[in-house]
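To keep things clear, I will list the structure first and then write my remarks on it.
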Amino acid sequence: MTRFLDYKSPAGNNLIAEWYCRISVEARAMFDDLLDVLSKKAIWSYPDFKRLDDGLGEIRWKCDKKQYRVIGCSWKEPQGYLLLIGCTHKQDIYDPPDAIGTADKRRRGLQFERKGGICEHQSPEDCTPEEQSLS
Amino acid sequence: MSTRARKIARLKNKAYRDAFIGSQISVGLPFQIRALREQRGWKQSRLAMEAGMLQPRISAMESPGAAKFNLETLRRLASAFDVALMVRFVPFSELVDWSERFDPDKFNIPSFKDEQASEESVRQAEAAVEAYVAIGHEAARAALGNWAQQLEAATQPFLTTPTANIWASPEISATGKQRKWLSAVQGQYPTGPYGRLVESGAPFSVLPLALYQGVSNVLEKATIPAKNQAATGLLSAQAA
């Protein structure tokens, strides 16, 4: 069973949880279900998962006519997966634009500079209107 | 907090509840379709042919959120896989429990033909058990008692599963446990009726049900002989 972890910024903010609260409730429910199913799957494969370069990978789903991606990497234990950044994707363009580069930077920061942190992934039970209005 | 408790907590939000229903369709169905297709060893093109659809549509239906499902589409897929389809309204707790149990790697729904084969295997297993009982001398009876006791120990975790729900039961449908159970039975009694059933080449998927029902019968006959007067009478006559 795969255990998901969230990236935390050097300031201690859970950037995955913050992103989660900014997307639509439909996209959130799908993200939760997708992680739930993937946590039980021995082998992840396309179309719900795609390997990127340098050991990164993206969890993929579509909702509200948008392609959602959460970029991450295997972490420490073989069955740990670190979620580094959430984004959307349209016609080969990520939003935020350098999502893959940011994910890579965050991972390297954790690995080599001890910048940032990680915590057990746990989708917020409810997102406040203030958090949602940031989208 | 368990994953179930966390899901229930999120469902307190009405908008999330509504979205959860949608996501169970948009995410759950693609994994079910892919699992059923792969179990049958089909490529997407084969499923497309069986369902009378185009391959790109199958591809979309296997991608989370990429396809809109309607009942006619699901009916056609059910027909292609030769499985039943249940659409019903349920409490949220039931949907949560289903999502907790659902494991795409172990999701296995036999086609009608395989179900029929399973029933035939049950009949064969019962006949094998009857024949075993009917050997009818004291040594065989003692062996049966010993066999039954050990089988009972080996299968105890599974015997509480209602037969009608055997395919839906996570305990039985879990492939690892099926194998564990099977190897426990086979390992101890390679020449018993179930060992012979395995040797006969019956499909692996039909064995758990056959084993469960056959073993239940054996246990009943072995531990409550009065319930089977014919068998015990025969045994007594042979012993005398």
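Read-outs throughout are calculated quantities, based only on the coordinates presented, and are distinct from any laboratory measurement. Bear in mind that the values here come from a model prediction, so they are computed numbers and not experimental data. Please note: Cβ atoms are built from the backbone with ideal geometry, for glycine as well, and neighbour counts cover all protein chains shown.
Being part of a loop (DSSP other than H, G, I, E, B) and either within 10 Å of chain A (Cβ to nearest Cβ) or within 24 Å of the chain's Cα centre (by Cα) (or both) is a description that does not apply to B:Ala15. Facing chain A (nearest Cβ under 10 Å), under 24 Å from A:Asp33 (Cβ atoms) and touching a helix residue (DSSP H, G or I) at 6+ places or on another chain (Cβ under 8 Å) - does that describe any residue in the stretch B:32-39? There is no residue in the stretch B:32-39 that is facing chain A (nearest Cβ under 10 Å), under 24 Å from A:Asp33 (Cβ atoms) and touching a helix residue (DSSP H, G or I) at 6+ places or on another chain (Cβ under 8 Å).
Checking B:Val83, B:Val90 one by one, the residue that is out of contact with any helix residue (DSSP H, G or I) (no Cβ under 6 Å at 6 or more places or on another chain) and under 26 Å from A:Ile43 (Cα atoms) is B:Val83 and no other. Using the structure shown, decide if A:Ile118 is over 25 Å from B:Ile25 (Cα atoms), more than 14 Å from every other protein chain (Cβ to nearest Cβ) and surrounded by 15 or more Cβ atoms within 10 Å (Cβ to Cβ). Yes.
Do the conditions hold for A:Arg51, that is, is it more than 9 Å from chain B (Cβ to nearest Cβ), of a type in the set (D, E, K, R), under 27 Å from B:Arg4 (Cβ atoms) and surrounded by fewer than 17 Cβ atoms within 10 Å (Cβ to Cβ)? Break it down stepwise before answering.
Numbers: more than 9 Å from chain B (Cβ to nearest Cβ): yes; of a type in the set (D, E, K, R): yes; under 27 Å from B:Arg4 (Cβ atoms): no; surrounded by fewer than 17 Cβ atoms within 10 Å (Cβ to Cβ): yes.
For A:Arg51, the condition - more than 9 Å from chain B (Cβ to nearest Cβ), of a type in the set (D, E, K, R), under 27 Å from B:Arg4 (Cβ atoms) and surrounded by fewer than 17 Cβ atoms within 10 Å (Cβ to Cβ) - is not met.
Quick grid of which residues meet (1) more than 14 Å from chain A (Cβ to nearest Cβ); (2) within 26 Å of the chain's Cα centre (by Cα); (3) more than 24 Å from A:Val25 (Cα to Cα); (4) of a type in the set (A, V, I, L, M, F, W, C):
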residue	(1), (2), (3), (4)
B:Arg4	no, yes, no, no
B:Arg46	yes, yes, yes, no
B:Leu71	yes, yes, yes, yes
B:Arg75	yes, yes, yes, no
B:Lys113	yes, yes, yes, no
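Among the residues of the stretch B:35-62, those that are of a type in the set (D, E, K, R) and farther than 23 Å from A:Asp64 by Cβ comprise B:Arg37, B:Glu38, B:Arg40, B:Lys43, B:Arg46, B:Glu50.
Condition check ((1) without any contact (Cβ under 8 Å) to a residue 60 or more places away in the chain; (2) basic (Lys, Arg); (3) at the interface with another protein chain (Cβ under 10 Å from one of its Cβ atoms)) across all residues:
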position	(1), (2), (3)
A:Ser9	no, no, no
A:Gly12	no, no, no
A:Ile16	no, no, no
A:Cys21	no, no, no
A:Glu26	yes, no, yes
A:Phe31	no, no, yes
A:Leu34	yes, no, yes
A:Ser39	yes, no, yes
A:Ile43	yes, no, yes
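Annotation: of all residues in the stretch A:56-67 being surrounded by fewer than 22 Cβ atoms within 10 Å (Cβ to Cβ) and out of contact with any Lys or Arg (no Cβ under 8 Å at 6 or more places or on another chain), the one that is nearest to the other protein chains (Cβ to nearest Cβ) is A:Lys62.
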